[in-house]
Amino acid sequence: MQLVVARIGRAHGIKGEVTVEVRTDEPELRLAPGAVLLTDPAATGPLTIETGRVHSGRLLLRFEGVKDRTAAEALRNTLLIAEVDPEELPEDEDEYYDHQLMDLDVVTADGVEVGRITEISHLPSQDLFIVERPDGSEVMIPFVEEIVREIDLEEQKAVITPPPGLIDDRAEIASSREDSA
C-alpha cells in the first residue's frame, strides 16, 4: 500500500536541500536517511533520502543525486510516497492511517446513521472526514476528540457527538444583543 508522506517545497540554499511539508505522524521512520520513496509524478523518482535536518521549524531533506539548487527546485511540488504493509498499524493506538478510516459508517452516539466516510482532508489546523450522507449530500466532520468519540475498526464505524448545526439545521444561535423591540 502506498501512503503520501510529504510534499517537496522550495529549494533551500545552493547545495540541493529542499523544504518538505510533512504528511505523516512518523517522519522519523518514513523520512529517515536511506529511505527510498516513490514520487508523484513518477518520472521524478524514486528518490533516496541522503540527509535530513530541521531548520527554523521546517524539515529539510537532501536526496542522492540532487547536488544543486536547480536540481532541487525541479522537484518542487513532488509528492513523496512510502510503500507500507497494509497490515502495519501506527504506533499509537489513537492514530489511524487514512485507508483504515475510509468507508467507515458514521453514526451518532445515540445510533442515528449519518453516512459513510469517503475522503479524509488534511488541513493545517485539523483533519476532516468528508462523509457522504444517505441522500447523496456531503457533510464535513472535524476529526477532533470532542466530536469523534470512538473509532471501532472491528465494527467498521465512527461514533460522533456533533454539536448542534454540524449535521442538521438545529443550530443554536446565541446573541449578546438585546431585542430592542
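When the residues of the range 115-148 are filtered to those that are in contact with a Pro (Cβ under 8 Å, 6 or more places away or on another chain) and outside any strand (DSSP E or B), which remaining residue is farthest from residue 21 (Cα to Cα)?
The qualifying residue farthest from residue 21 (Cα to Cα) is 147.
Taking the range 1-37 as the search range and keeping residues that are of a type outside the set (A, V, I, L, M, F, W, C) and part of a strand (DSSP E or B), which one is most open to solvent (accessible area, probe 1.4 Å)?
10
Has the range 43-62 got at least one residue that is of a type in the set (Asp, Glu) and surrounded by 14 or more Cβ atoms within 10 Å (Cβ to Cβ)?
The answer is yes, given that some residue of the range 43-62 is of a type in the set (Asp, Glu) and surrounded by 14 or more Cβ atoms within 10 Å (Cβ to Cβ).
With the checklist (1) open to solvent by 60 Å² or more (accessible area, probe 1.4 Å); (2) in a loop (DSSP other than H, G, I, E, B); (3) not β-branched (Val, Ile, Thr) in hand, flag the one item residue 111 doesn't pass.
Going through (1) open to solvent by 60 Å² or more (accessible area, probe 1.4 Å); (2) in a loop (DSSP other than H, G, I, E, B); (3) not β-branched (Val, Ile, Thr) one by one, residue 111 breaks only (1).
Got a number for residues in the range 116-154 being over 19 Å from the mean Cα position of the chain (by Cα) and within 13 Å of residue 101 (Cβ to Cβ)?
1
Only residues in the range 1-24 that are touching a residue at least 24 places away in the same chain (Cβ under 8 Å) count as the first member; pair them with residues that are of a type in the set (Phe, Trp, Tyr), Cβ under 8 angstrom, at least 6 apart or cross-chain, and list the lot.
3/97; 16/63; 18/63
What do you reckon, is residue 151 in contact with a Lys or Arg (Cβ under 9 Å, 6 or more places away or on another chain), at pLDDT 90 or above and β-branched (Val, Ile, Thr)?
yes
Need the failing condition index for residue 40 against (1) crowded, with 16+ Cβ neighbours inside 10 Å; (2) within 18 Å of the chain's Cα centre (by Cα), just the number.
All conditions pass for residue 40, except number (1).
The values are calculated or read from the model by the stated rules, or taken from the named source; none is laboratory data. Quick caveat: nothing in here was measured; it's all calculated off a predicted structure. A quick note on method: Cβ atoms are made from the backbone with ideal geometry, for glycine too, and the neighbour counts reach across all protein chains shown. For the accessible areas, the whole protein counts, side chains as well, though only heavy atoms, and no ligand, DNA or RNA atoms are used. Shrake-Rupley method; radii C 1.70, N 1.55, O 1.52, S 1.80 Å.
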